[in-house]
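Trainee: Questions regarding the structure given below will be posed in turn.
The values are calculated or read from the model by the stated rules, or taken from the named source; none is laboratory data. Fair warning: this is a prediction, and the values are worked out from it, not measured in the lab. Here Cβ is always computed from backbone atoms with ideal geometry, including for glycine, and neighbour counts include all displayed protein chains. Areas reflect the complete protein model, heavy atoms only, side chains present, ligands, DNA and RNA absent. Shrake-Rupley method; radii C 1.70, N 1.55, O 1.52, S 1.80 Å.
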Amino acid sequence: MLNASGDTHAEFKKVLFERLNYYFEGNRISKKGNWEMTLKVSFALVWWIGSYALFFAADWSYTQFFFLYIFQGLAQIFMFLNIAHDANHNSISNHKIVNKTLSYVLDACGISSYMWRIMHNHGHHSVMNVYGEDEGIYAHGIFRFSPHAEWKPMHRFQHIYVFFMYGITTLDFLFVKDFEYLFFKNNVHIEHVKHPLHEWITIIGSKILYLIYMIAVPVLVLHFSVWQVVLVFTVTHLLMGLAAAWIIQVAHLLDINEFPETRHDHDFMDHIFTTTTDYSTRSRVANFICGGLNHHVAHHIFPQVAHTHYPKLTKIVRETSAEFGIDYRENRYMYQAIAHHIKLLRWLGKPPAPINNNHQNLILDGNAPAH
């Protein structure tokens with residue numbers, strides 16, 4: 001992060017927080033959802049419920065049903081990004097009951113909001129890019145997302161199979177990840193957590209309910225065969241997974257970001273700036289679709305602020321960083337962020353060289369990206 005002296009660095013952080021807070025206090029704006037957030041929540045819920053109701057609105061051919069089903073799946077992803085993420089950060093409303101209620105849209109789509117709050121809020125936001133702690137870079141060994149992770153021969157090709165494997169993202173949450181954290185507790189942030197009985201019931205029950213309304217009901221009511229519905233269910237989730245993964249992964253997992261060994265390598269602000277790069281922050285389309293995840297620096301500074309404020313906050317971050325000579329990074333377009341992500345996968349896919357005992361650092365090769 002630092003391109004400046006320690007005094008300038010300290011002054012930058014002081015001024016940045018003053019300006020970010022003044023945006024709300026000086027303009028008498030709530031940090032929670034505004035009219036735009038209300039509109040997005042309403043739009044998402046109408047899209048989700050209305051697209052499902054369309055299944056039963058006419059005697060559709062299988063081809064028509066196939067595309068309607070995908071349309072409904074895209075509504076689910078839009079809800080994940082624009083409702084569930086904010087709700088689970090308690091950023092939509094000052095009323096906890098509103099946030100908690102809206103967080104259940106995630107459960108309604110078969111993914112546990114309870115596990116999300118633990119693993120995302122605690123297992124990511126304070127440990128970005130820290131191997132062994134950041135849930136966001138845990139990938140069952142399929143991918144090597146950190147220079148501190150074990151290398152496997154298959155990783156030579158991870159920059160190629162990423163284009164397929166990211167498609168299983170939502171299926172992983174639906175059928176694997178939540179159960180791993182529930183039964184095996186195989187993450188440092190959850191190993192000592194005792195899950196309440198009502199959360200067990202909610203997690204298992206919501207997944208059963210999801211499979212009933214997404215698979216069983218179309219089979220029984222619309223009289224499509226099981227294989228027809230399972231096929232479109234799978235295709236839809238592959239598309240959902242690809243959309244979610246590419247939006248989420250290209251803020252942290254880039255060759256231009258750092259991968260600290262511990263959460264204590266940097267202070268709070270430095271950790272954000274060294275591990276995070278924004279993308280497409282000036283795009284109205286990206287701002288509408290991504291739920292603020294393209295404004296990732298602002299999100300990590302103020303995770304409990306509604307994402308509809310992030311475009312204004314990012315402008316403050318960008319301008320203040322330039323004023324103090326601080327390295328704020330942004331990919332102007334999403335394809336640039338994707339390119340940096342692929343470069344990271346290619347780099348980390350190479351066999352690592354031995355430990356350099358003089359520096360006690362893991363040296364991958366002579367062409368390691370400069371941070």
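Trainee: Where a Cα-Cα gap under 19 Å defines reach, which aspartates and glutamates qualify for residue 13, not counting those fewer than 8 residues away within the same chain?
Mentor: Qualifying aspartates and glutamates at Cα under 19 Å: 25, 265, 267, 270, 278, 319, 323, 327, 330.
Trainee: Still on this structure, please answer the following. Which log10 I(q)/I(0) values, to two decimals, does the chain give at q = 0.09 Å⁻¹ under the Debye formula with one point per Cα?
Mentor: Scattering profile of the chain, log10 relative to I(0): -0.55.
Trainee: OK, next. For region 20-123, which trypsin sites (Lys or Arg not before Pro) are both in a DSSP coil and crowded by at most 15 other Cβ atoms within 10 Å?
Mentor: Of the trypsin sites (Lys or Arg not before Pro), the ones in loops of region 20-123 whose Cβ has at most 15 other Cβ atoms within 10 Å are 28.
Trainee: Something else about it: Could you rank 191, 150 by how accessible they are, 1.4 Å probe, largest area first?
Mentor: The residues order as 150, 191, largest area first.
Trainee: I need the trypsin sites (Lys or Arg not before Pro) found in region 162-206, filtered to DSSP loop residues with at most 12 other beta carbons within 10 Å of theirs.
Mentor: Passing sites in region 162-206 are 194.
Trainee: Largest first, what is the accessible-area ranking of 207, 350 with a 1.4 Å probe?
Mentor: 350, 207
Trainee: For the full complex of protein chains and a 1.4 angstrom probe, list 250, 46, 235 by accessible area with the highest value first.
Mentor: 46, 235, 250
Trainee: Here is a further query. So for the chain, averaging the separation of alpha carbon pairs under 8 Å that are six or more residues apart and normalising by length, what relative contact order in percent results?
Mentor: RCO, the chain: 24 percent.
Trainee: Let me ask you something else. So how compact is region 32-159: Cα radius of gyration and Dmax in angstrom?
Mentor: Here Rg and the maximum Cα pair distance are 18.6, 55 Å.
Trainee: So, one more: With helices defined as uninterrupted DSSP H runs, which ones in the chain have an alpha carbon span along their own long axis of at least 24 Å and mean Kyte-Doolittle hydropathy of at least 1.6?
Mentor: Going by DSSP H runs, the hits are 226-249.
Trainee: Rounded if a/c is under 1.5, else prolate if a/b is larger than b/c, else oblate: which is region 190-239, with a ≥ b ≥ c the root eigenvalues of its Cα gyration tensor?
Mentor: Because a/c hits 1.5 or more and a/b fails to exceed b/c, region 190-239 counts as oblate.
Trainee: Now a separate question. Considering only protein heavy atoms, what is the solvent-accessible area of residue 164 at a probe of 1.4 Å, reported in Å² to the nearest 10?
Mentor: 130
Trainee: Right, next: Tell me the accessible surface of residue 212 in square angstrom (1.4 angstrom probe, heavy atoms of protein chains only), to the nearest ten.
Mentor: 80
Trainee: What are the equivalent ellipsoid semi-axes of region 199-348, built from the alpha-carbon gyration tensor (square roots of five times its eigenvalues), in whole angstrom, biggest first?
Mentor: 38, 17, 17
Trainee: Please compute the volume of the convex hull spanned by the alpha-carbon atoms of region 157-200 and report it per residue in Å³.
Mentor: Each residue corresponds to 88 Å³ of Cα convex hull volume.
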